[in-house]
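Have a look at the structure below before the remarks.
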Amino acid sequence: MTTEHHGAEQADDASDDDGSSRALRRAWFGVAVLAVAMAGLLVGTGFDLGSLFGGDDPPDPLAGLDEIDWSTGVVVAGDEHDGVGADMVLAVGGDDARCVGIRTDPGDEPAPVRCGLDGFINRWDDPQAQATVLSDYFGFLDEVVVADGDGTWTNVLAGAVSPQVVRVTAHLGDGGEYSFVTRNEGGWFVAVLPASITDPDVETGELLNGPVELDLYDDEGNRITVIDLTRPPEFL
């Protein structure tokens, strides 16, 4: 899956999966995941996991992360940009929770990102799930920091949207934009952000201009909804 700045779509469809995977593996540069900058949806944005999953007891996105059996792992999404690649791996964690992690080398164990207590990480893992409000088209977004070994950083967006969403435009805190294709049966996505549009903290690599809004588009180019990452989802 390739990505371009300012709205250009990635070329990504089911027939290209094998070729893209081989190309991605040729692009690995031995980078390593250093830290996960966001847990839950976005730290400090006021998102309520209960509003996304229903009920009074939302799943703990970190529960089970210390008991993941990565031998059960399956790659569900990947991306590459400027020689840096990242894969999202889905595996079984503690109490049979399904967990995702990010790896930047096919031979390394993924760095855990999140789990779902009931075995579902996003609503589309549940065959009975249906979107009832526009915010249901969005699952979660995690921001992952990657160190490339020479004191610079790579920033990765990882998450899930409804499989009906095929393109996302992320609006960054400094007014920048980045679009990427998410066409995936499970709604999973990974987007390696170009260094030219990121503003990482010099100490931690965490984005200072992190995403503040997401535009979700269908396969006909229609915008389904806008997700404001600075406040709880609007139930339209």
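Among the residues that make up segment 123-136, is at least one of them open to solvent by less than 30 Å² (accessible area, probe 1.4 Å), within 15 Å of the chain's Cα centre (by Cα) and under 18 Å from residue 216 (Cβ atoms)? Scanning segment 123-136, I find no residue that is open to solvent by less than 30 Å² (accessible area, probe 1.4 Å), within 15 Å of the chain's Cα centre (by Cα) and under 18 Å from residue 216 (Cβ atoms), so the answer is no. Of all the numbered requirements in (1) within 22 Å of residue 74 (Cα to Cα); (2) open to solvent by 10 Å² or more (accessible area, probe 1.4 Å), residue 177 misses one, and that requirement is (1). Would a scan of segment 214-229 turn up a residue that is open to solvent by less than 40 Å² (accessible area, probe 1.4 Å) and over 26 Å from residue 124 (Cα atoms)? Checked segment 214-229: no residue is open to solvent by less than 40 Å² (accessible area, probe 1.4 Å) and over 26 Å from residue 124 (Cα atoms).
Looking only at segment 144-154, which residues are in contact with a Gly (Cβ under 6 Å, 6 or more places away or on another chain) and either open to solvent by less than 10 Å² (accessible area, probe 1.4 Å) or in a loop (DSSP other than H, G, I, E, B) (or both)? So that I can check it myself, show each step before the final result.
Residues of segment 144-154 in contact with a Gly (Cβ under 6 Å, 6 or more places away or on another chain): 145, 153.
Answer for segment 144-154, where residues must be in contact with a Gly (Cβ under 6 Å, 6 or more places away or on another chain) and either open to solvent by less than 10 Å² (accessible area, probe 1.4 Å) or in a loop (DSSP other than H, G, I, E, B) (or both): just 145.
Scanning segment 102-121 for residues that are small (Gly, Ala, Ser) and touching a residue at least 60 places away in the same chain (Cβ under 8 Å) turns up just one, 111.
Scanning segment 86-96 for residues that are surrounded by fewer than 24 Cβ atoms within 10 Å (Cβ to Cβ) and either touching a residue at least 24 places away in the same chain (Cβ under 8 Å) or touching a helix residue (DSSP H, G or I) at 6+ places or on another chain (Cβ under 6 Å) (or both) gives 90, 92, 94, 95.
Based on this model, can you work out whether residue 126 counts as modelled with pLDDT under 85 and within 26 Å of residue 64 (Cβ to Cβ)?
Working: modelled with pLDDT under 85: yes; within 26 Å of residue 64 (Cβ to Cβ): yes.
Yes, satisfied.
Residue pairs whose Cβ atoms lie under 8 Å apart, sitting 6 or more positions apart in sequence or on different chains, and linking a residue in segment 65-85 that is among the β-branched types (Val, Ile, Thr) to a partner that is open to solvent by 50 Å² or more (accessible area, probe 1.4 Å), are 68/92; 68/112; 72/92; 84/29; 84/148.
The values are calculated or read from the model by the stated rules, or taken from the named source; none is laboratory data. Source: prediction; values computed, not measured. Quick reminder, even Gly has a Cβ in these numbers, built from the backbone with ideal geometry, and neighbours come from all protein chains shown. SASA here: full protein model, heavy atoms, side chains in, ligands and nucleic acids out. Shrake-Rupley method; radii C 1.70, N 1.55, O 1.52, S 1.80 Å.
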